[in-house]
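The values are calculated or read from the model by the stated rules, or taken from the named source; none is laboratory data. In this text, all values refer to a predicted model and were calculated from it rather than measured experimentally. Counting neighbours? That spans all protein chains shown, and the Cβs are built from the backbone with ideal geometry, glycine included. Keep in mind that these areas ignore ligands, DNA and RNA; they rest on the heavy atoms of the full protein, side chains included. Shrake-Rupley method; radii C 1.70, N 1.55, O 1.52, S 1.80 Å.
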Amino acid sequence: MTIKEQFLQTIEQAPEPILKEALNYLHYLIDKYKDEQEEQQDLEDLKLAREDLQNNRTISLEQLRQELGL
């Protein structure tokens, strides 16, 4: 039996007041997971940006504007 199946089976047996609390907690866990994933992506992006800076793979804002014709 998968975790999802076990979860659904347990939900069927739980009284309504507990289900409300469980749902709130599940929403909290999902939001926390999304935040952690976003933070991890931000850290990876920062690492890449630092590597670009260290290896002179950046251009000035003025250069960018010229290249874009702005």
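A few comments on the model shown:
- Under the Karplus curve 6.51 cos²θ - 1.76 cosθ + 1.60, θ = phi - 60°, whole-Hz ³J(HN,Hα) for the range 27-32, x wherever Gly or Pro sits: 4, 4, 5, 5, 4, 4
- Estimated [θ] at 222 nm from DSSP helical runs (n ≥ 4, -39500 (n - 2.57)) normalised by residues in the chain, nearest 500: -28500 deg cm²/dmol
- Between helix 3-13 and the chain: long-axis angle, C-alpha atoms, 0 to 90°, nearest 10: 40 degrees
- Heavy-atom surface of the chain, accessible at 1.4 Å and reported per residue (Å²): 99 Å²
- Heavy-atom accessible surface of Thr10, to the nearest 10 Å², is about 80 Å², with a 1.4 Å probe and all protein chains retained.
- Carbon and sulfur %, accessible surface of the chain computed with the full protein complex present, 1.4 Å: 55 percent
- Here each label is just a point 7 Å from Cα along the line to Cβ, and for Leu53 and Leu19 those points are 5.2 nm apart.
- Alpha-carbon Debye profile of the chain, log10 I(q)/I(0) at 0.14, 0.19, 0.27, 0.28 Å⁻¹: -0.67, -0.91, -1.09, -1.12
- Proximal lysines to Lys4, defined as alpha-carbon separation beneath 28 angstrom and excluding residues fewer than eight positions away on the same chain: Lys20, Lys32, Lys34
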